[in-house]
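Colleague: Supplied in structure tokens, the structure appears directly below.
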Amino acid sequence: MNLKSSVIEIKGVGSEVAKKMSILGIETVEELIDLYPRRYDDYSEIQKISLIRPGIVTINATIKSSAGRYVKRGLHITEAVASDSTGSVRLVWFNQPYRSASLKTNEDYYISGEFGMSYQRLNILNPSVELVSNFPVNTARIVPIYRETKGLKSGQIRRALREVFPIISALPETLPKWLVEKERMLSRAEAIEQIHFPGNQQELITARRRLGFDEVFELTLAALINKLENSHGKSIIIPFEEKLAKDFVKHLPFILTDDQKRVIWQIYKDIQKQAPMNRLIEGDVGSGKTVVAVMASLMVVKKNFQVAFMAPTEILARQHADSIHALLKPLGMHEQIVLLVGGQKPAQKLEAKKRISSGDAKIIVGTHALIQNKVNMQKLGLVIIDEQHRFGVEQRKRLLAKAGHMPHVLSMTATPIPRSLALTLYGELDISVIESKPANRKDIITKIIPLVERHKIFDKLENELKSGRQAFVVCPLITITENNSIKSVEQVYDELSTGPFSHRKIGLLHGKLKSEAKDIIMQSFLNHKIDILVTTTVIEVGVDVPNATIMMIENPEKFGLAQLHQLRGRVGRSKHQSFCYLLLNDNLSPSHRLRLLERSTDGFKLAEYDLELRGPGAIYGQIQHGQLDLRVAKLSDTKLIAKARLAAQEFIDRHENLLIYQQLNERVQFNRSVTNLN
């Protein structure tokens with residue numbers, strides 16, 4: 001038996017168990033070994049019976065007797081008595097009729113379970129029992145708990161892993177010897193042994209450190225190789241035209257912030273080089289990333305090359321087209337913009353594609369469909385990606401085949417990312433940060449509102465509407481459910497339409513609507529044909545309605561902190577004071593994170609808080625970063641991340657041959673593909 005052997009070859013794993021394992025994606029011994037525990041139950045402290053107290057306990061005792069019987073309504077009870085030198089205790093199992101026959105009297109067992117009062121007696125309920133041995137699997141140790149499926153429990157997985165322990169012990173090293181020694185880490189084999197069967201808490205910590213290091217190292221190495229490969233590519237040199245930049249800035253209806261000036265200069269320096277730019281602009285909501293992107297586009301258009309501006313949704317693509325049109329109109333360059341989205345009529349699409357292929361259209365705005373084969377961009381100089389964060393290796397190859405050179409790539413995100421996380425997730429990108437907001441923007445006033453005070457907020461909303469402003473109401477659900485405490489857009493739409501705002505124009509928007517319907521509703525809201533838009537989180541990113549000054553969020557406890565901040569960012573986009581109201585049910589107290597949101601409008605600080613409070617998945621679950629396999633590493637462990645990043649850079653600097661390390665190479669090649677949007 002070896003790593004590639006089918007799990008059915010493992011002793012105790014029959015065809016039925018193998019079928020259940022396949023549901024979890026486990027077909028081979030290697031995939032079984034790679035199934036890390038979800039959590040652990042600590043049964044490692046073995047006590048004398050006379051000293052046990054209510055709670056989780058483990059004893060080393062002899063079974064003196066056992067018997068099973070059926071009681072009323074088909075309930076089966078197995079009872080046994082276990083004894084050691086200090087006393088005896090009763091063991092009770094419910095609906096395990098096989099249990100009595102499996103227990104051997106006068107044999108020593110490890111017994112782990114919950115000791116407490118049941119049926120007016122102290123018992124250990126439904127304990128795990130295992131004959132005493134040098135390697136217990138289910139008791140008398142820190143017991144791993146795995147992802148399970150119907151008919152397959154953690155105990156079966158543990159037994160299978162115990163059978164392949166010799167294979168685990170012989171696993172080859174995946175890192176260079178110099179690196180393992182330098183970081184004083186366990187071998188790969190020892191780490192995997194201890195992640196599955198730790199002897200104590202320290203062993204578990206040490207194993208996690210090694211395997212977490214591996215994850216960040218593999219991810220960072222993939223990013224560095226991508227970055228190195230990108231730097232060897234050849235793009236077009238875009239010279240800086242000072243007069244054009246000054247003319248553009250002169251016609252802006254606002255003053256650029258120092259951050260915007262710094263970032264645009266970084267971009268201008270990048271595109272003057274032959275190596276393709278690969279830069280990410282990270283800016284909080286409303287920080288003015290779009291105008292920076294347009295300034296980058298100016299130089300490319302001046303050189304007679306094309307710009308592809310890609311947005312994640314048609315709504316945002318249309319908004320970007322309108323914004324860019326307005327910004328370029330004073331320079332007379334607005335006629336060079338074309339929009340290409342799925343919701344257009346066939347004739348409109350055909351006309352757009354003709355303009356693109358002829359080179360007449362210089363700035364092409366649309367969704368990711370822009371880079372498909374049917375769109376012929378022969379002179380593509382710059383790709384701008386809004387809220388997608390990644391541009392994949394395969395996509396680059398496709399564009400290279402189209403354009404004959406590698407375009408410069410500029411990505412933008414409004415999700416503030418703590419620096420440690422950004423460098424790990426986006427290691428292949430150069431990162432620019434815009435922290436300051438335009439001078440005329442006021443901080444959004446955020447308040448937690450209990451149910452009893454909702455009428456006051458409705459009065460405030462009515463006053464804003466009378467002043468010509470508009471409002472969003474965001475709900476976590478689309479349709480009404482049995483849980484009346486969680487609001488749906490349909491329910492709130494009905495309540496507002498027939499209640500306090502029956503005299504107002506109210507719109508309904510959610511993800512199940514067709515693209516064309518969404519666009520019509522959003523356009524109506526933009527054109528102020530709708531006063532209040534009741535919606536789900538489809539408006540979370542990028543939607544720009546400067547006239548909207550009120551954001552009301554139902555059931556804010558159902559959203560993550562970063563998501564709430566993004567929703568709040570849909571208002572506060574003009575000189576008018578804006579408000580965000582978190583509408584809490586009466587039976588709930590404001591959580592710590594809602595209080596944080598109430599106190600701070602700084603997205604970067606909130607992202608740091610969220611990382612500490614809930615972990616990276618909660619913040620970045622919506623970032624399309626592929627299947628990044630961070631199962632052990634904690635992105636809040638900045639020391640581990642820093643060490644792994646430095647090690648990856650040293651690996652590159654030493655000119656190590658990755659092909660020598662087969663498993664490491666496989667992981668790195670996988671990460672190279674998924675650390676980009678494919």
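Colleague: If you filter region 176-210 for trypsin sites (Lys or Arg not before Pro), then keep DSSP loop positions with at most 11 other Cβ within 10 Å, what is left?
Modeller: Arg184
Colleague: Suppose R0 equals 41 Å; then what is the FRET efficiency for Ile205 and Arg262 from their Cβ-Cβ distance, rounded to the nearest 0.05? Intermediate results must be reported in sequence, preceding the final value.
Modeller: Numbers: r = 42 Å, r/R0 = 1.02.
That pair, Ile205 with Arg262, gives E of 0.45.
Colleague: Can you work out the accessible area per residue across the chain, with the rest of the protein chains kept in place, probe 1.4 Å, in square angstrom?
Modeller: The answer is 45 Å² per residue.
Colleague: Just to confirm a number: summing +1 for Lys and Arg and -1 for Asp and Glu over residues other than Glu9 whose beta-carbon lies under 14 angstrom from that of Glu9, what do you get?
Modeller: With Lys, Arg at +1 and Asp, Glu at -1, the neighbours total -2.
Colleague: By per-residue mean of other Cβ atoms within 10 Å, what is the highest-first order of 585-592, 464-471?
Modeller: Details: 585-592: 12.2, 464-471: 17.2.
Peptide ranking by packing, descending: 464-471, 585-592.
Colleague: Let me ask something else about it. Using a 1.4 angstrom probe on the protein heavy atoms only, line up Ile315, Ile111 by accessible area, largest first.
Modeller: Ile315, Ile111
Colleague: Also, I was wondering about something else. Which order do Glu608, Glu9 take when ranked by solvent-accessible area (1.4 Å probe, heavy atoms of all protein chains), largest first?
Modeller: Greatest to least solvent exposure: Glu9, Glu608.
Colleague: Next question. Once fully extended, how much extra length lies between Asp34 and Asp443, figured as 0.36 nm per residue of separation less the alpha-carbon to alpha-carbon distance?
Modeller: My answer for the length gained is 142.4 nm.
Colleague: Between Tyr119 and Ala642, 0.36 nm times their residue separation minus their Cα-Cα distance comes to what?
Modeller: Additional length available on full extension: 182.8 nm.
Colleague: Related question: Using alpha carbons only, how many angstrom separate the centre of region 335-349 from the centre of region 405-472?
Modeller: Computed from Cα coordinates, the inter-centre distance equals 29 Å.
Colleague: Next up: Only one of the listed values, [x] 1.05; [y] 1.00; [z] 1.08, was derived from the coordinates as Rg/Rh (Cα atoms, Kirkwood Rh); which label is it?
Modeller: It is the value labelled [x].
Colleague: Something else: Between region 162-189 and region 1-72, what's the alpha-carbon centroid distance in Å?
Modeller: 25 Å
Colleague: Something else: Please name whichever of Ile385, Ala308, Leu221 sits farthest to the positive end of the charge dipole of the chain, dipole taken about the Cα centre and charges placed at Cβ: Lys and Arg +1, Asp and Glu -1.
Modeller: The one lying farthest along the dipole's positive direction is Ala308.
Colleague: Enumerate the aspartates and glutamates that Lys354 could reach by cross-link, defined here as Cα to Cα under 18 Å, with residues fewer than 8 away along the same chain left out.
Modeller: Glu335
Colleague: If you take the beta carbon distance between His232 and Val81 as r and set R0 to 51 Å, what does 1/(1 + (r/R0)^6) give as a FRET efficiency, to the nearest 0.05?
Modeller: 0.10
Colleague: Hey, how many Å between the Cα centroid of region 633-655 and the Cα centroid of region 199-254?
Modeller: Spelled out, the Cα-based centre of one part sits 14 Å from the other.
Colleague: To continue, here is another question. Report the extension gain between Arg184 and Gln378 in nm, rounded to one decimal, defined as 0.36 nm multiplied by the number of residues separating them, less their alpha carbon distance.
Modeller: 64.6 nm
Colleague: Ranked highest first by the average count of other Cβ atoms within 10 Å around their residues, in what order do 15-21, 333-339, 529-535 fall? Walk me through the numbers before you get to the answer.
Modeller: Numbers: 15-21: 15.6, 333-339: 19.3, 529-535: 23.0.
Ranking the peptides 15-21, 333-339, 529-535 by packing returns 529-535, 333-339, 15-21.
Colleague: I would also like to ask the following. List the chymotrypsin sites (Phe, Trp or Tyr not before Pro) in region 254-317 that DSSP assigns to loop (not H, G, I, E or B) and whose Cβ has at most 14 other Cβ atoms within 10 Å. Which are they? Mind showing how you got there, number by number?
Modeller: Values: sites: Phe254, Trp265, Tyr268, Phe305, Phe309; in loops: Phe254, Phe305.
Hits after loop and neighbour filter: Phe254.
Colleague: Let me ask another. On the full set of protein chains, 1.4 Å probe, figure out the accessible area of His503 and give it in Å² to the nearest 10.
Modeller: 110 Å²
Colleague: While we're here: So which lysines pass the test for Lys177, namely a Cα distance under 29 Å, with those fewer than 8 places away in the same chain ruled out?
Modeller: Here the lysines satisfying the reach criterion relative to Lys177 are Lys4, Lys227, Lys634, Lys639, Lys643.
Colleague: Here is the link list: Lys11/Lys153; Lys246/Lys329; Lys487/Lys605. Which ones come out longer than 18 Å on Cα distance?
Modeller: Check vs 18 Å cut-off fails for Lys487/Lys605.
Colleague: Determine how large the accessible area of Thr446 is when every protein chain is in place; take a 1.4 Å probe and give Å² rounded to the nearest 10.
Modeller: Thr446 exposes around 10 Å² with every protein chain in place.
The values are calculated or read from the model by the stated rules, or taken from the named source; none is laboratory data. Everything quoted here is computed from the prediction, not taken from an experiment. Don't worry about glycine lacking a Cβ; one is built from the backbone with ideal geometry, like all the others, and counts go over all protein chains shown. Only protein heavy atoms, including side chains, enter the accessible area calculation; ligands, DNA and RNA are left aside. Shrake-Rupley method; radii C 1.70, N 1.55, O 1.52, S 1.80 Å.
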